[in-house]
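So the structure is just underneath, and the comments pick up after that.
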Amino acid sequence: MNSATVRNLLVRGMLAGLAAGLLALVVAYFLGEPRVDAAIAYEQAHSHEHGVEAVSRTMQSTAGLSTGVLVYGVAFGGIAALAYCFALGRIGRFGPRASALLLAAAGLIAVYVVPFLKYPANPPSVGDPDTIGKRTTLYFLMVVLSVLLAVAAVILGRRLAPRLGNWNATLAAGAFLVLTIGLAYAFLPSFNEVPRDFSATLLWQFRLAALAVQLTLWASFGLVFGVLAERVLVPRPVRANGAAQPTPVAH
């Protein structure tokens with residue numbers, strides 16, 4: 001794939017990330033923010049410290065949320081587009097749209113779902129402030145492990161395919177991935193810092209809202225970027241001498 005094609009896909013990936021970020025922002029605002037408000041109300045009711053907010057809650061839930069999600073969406077789209085350029089043609093004979101959806105699904109699972117199952121998202125007032133550094137480090141370690149193990153599983157499956165066949169190689173690679181992720185879950189420390197009287201319903205509603213935001217982000221990116229990538233990689237035929245002929249694209 002030449003540099004011009006990579007550049008075009010990168011720009012389209014960032015645009016797709018922006019579009020996905022807008023949709024994720026809507027989900028975050030209507031599903032996530034009410035749960036955040038409820039958690040903050042619990043925190044304020046159980047705290048004896050009443051300081052002045054540096055940034056108002058209204059600003060946090062509107063301009064702050066919008067800026068954070070949209071900037072994240074653009075950056076996420078650019079990184080995902082570069083990963084797409086590397087993966088295209090290496091994950092099977094799939095078209096641009098199918099490749100984008102497969103990449104989005106794999107990314108959602110490896111980057112978010114697997115770490116989420118070990119270290120789920122928590123609303124305000126849940127978690128000991130003294131362990132936040134350790135929890136953050138372990139979460140990102142789980143993300144790195146998940147991505148590396150997913151890549152290793154793909155490589156293993158491709159190398160086993162000539163000897164075992166595609167089906168058996170896929171099963172073996174899947175078993176390897178499940179086993180290694182299970183070992184990571186077992187050996188990495190866990191945290192249970194939810195206050196005893198904190199609403200279990202609110203906790204799970206917040207976590208489901210966080211999952212819904214990520215699902216919206218990845219799914220919408222895969223759909224939008226697939227369409228944009230297809231226009232770069234499979235351009236419309238041009239007419240020459242009255243006959244339609246495809247325009248070749250260098251890879």
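The values are calculated or read from the model by the stated rules, or taken from the named source; none is laboratory data. Worth saying up front: this structure is predicted, and the values here are computed from it rather than measured. Every residue, glycine among them, receives a Cβ derived from its backbone with ideal geometry; neighbour counts consider all protein chains shown. Accessible surface is based on the protein model in full, side chains and every heavy atom, while ligands, DNA and RNA are left aside. Shrake-Rupley method; radii C 1.70, N 1.55, O 1.52, S 1.80 Å.
So, ALA104, is that one in contact with a Gly (Cβ under 6 Å, 6 or more places away or on another chain) and in contact (Cβ under 8 Å) with a residue 40 or more places away in the chain or not? Spelling it out, ALA104 is indeed in contact with a Gly (Cβ under 6 Å, 6 or more places away or on another chain) and in contact (Cβ under 8 Å) with a residue 40 or more places away in the chain.
Scanning region 5-16 for residues that are part of a helix (DSSP H, G or I) and in contact with a Pro (Cβ under 7 Å, 6 or more places away or on another chain) turns up nothing. Taken across region 118-130, residues that are charged (D, E, K, R) and free of Cβ contacts under 8 Å to residues at least 40 places away in the same chain do occur, with at least one present. Annotation note: of LEU179, LEU164, the sole residue that is at pLDDT below 95 and not hydroxyl-bearing (Ser, Thr, Tyr) is LEU164. Is it fair to say LEU215 is of a type in the set (A, V, I, L, M, F, W, C), in contact (Cβ under 8 Å) with a residue 40 or more places away in the chain and part of a helix (DSSP H, G or I)? Here the answer is yes, as LEU215 does meet what is asked. Among ALA209, ALA200, ALA161, which is closer than 29 Å to PRO96 by Cβ and either hydrophobic (A, V, I, L, M, F, W, C) or out of contact with any Gly (no Cβ under 7 Å at 6 or more places or on another chain) (or both)? Residue meeting the stated conditions: ALA161.
For region 99-115, the criterion of being over 21 Å from TYR185 (Cβ atoms) and open to solvent by 60 Å² or more (accessible area, probe 1.4 Å) is satisfied by at least one residue. Selection over region 180-227 of residues that are over 15 Å from TYR112 (Cβ atoms) and among the basic types (Lys, Arg) gives a count of 1.
Every test in (1) assigned to a helix (DSSP H, G or I); (2) at pLDDT below 90; (3) over 26 Å from PHE198 (Cβ atoms); (4) open to solvent by less than 40 Å² (accessible area, probe 1.4 Å) is passed by THR131 save one, and that test is (3). Contact annotation: residue pairs with Cβ atoms under 6 Å, 6 or more positions apart or on different chains, pairing a residue in region 195-209 that is touching a residue at least 60 places away in the same chain (Cβ under 8 Å) and of a type in the set (Gly, Ala, Ser) with a partner that is part of a helix (DSSP H, G or I) and open to solvent by less than 70 Å² (accessible area, probe 1.4 Å), are ALA209/GLY32; ALA209/ARG35.
Exactly one residue out of ARG158, ARG196 is over 30 Å from VAL26 (Cβ atoms), touching a helix residue (DSSP H, G or I) at 6+ places or on another chain (Cβ under 8 Å) and open to solvent by 90 Å² or more (accessible area, probe 1.4 Å), and it is ARG158. Each residue in region 134-155 was checked for being farther than 29 Å from ALA45 by Cα and open to solvent by 70 Å² or more (accessible area, probe 1.4 Å), and 8 of them qualify.
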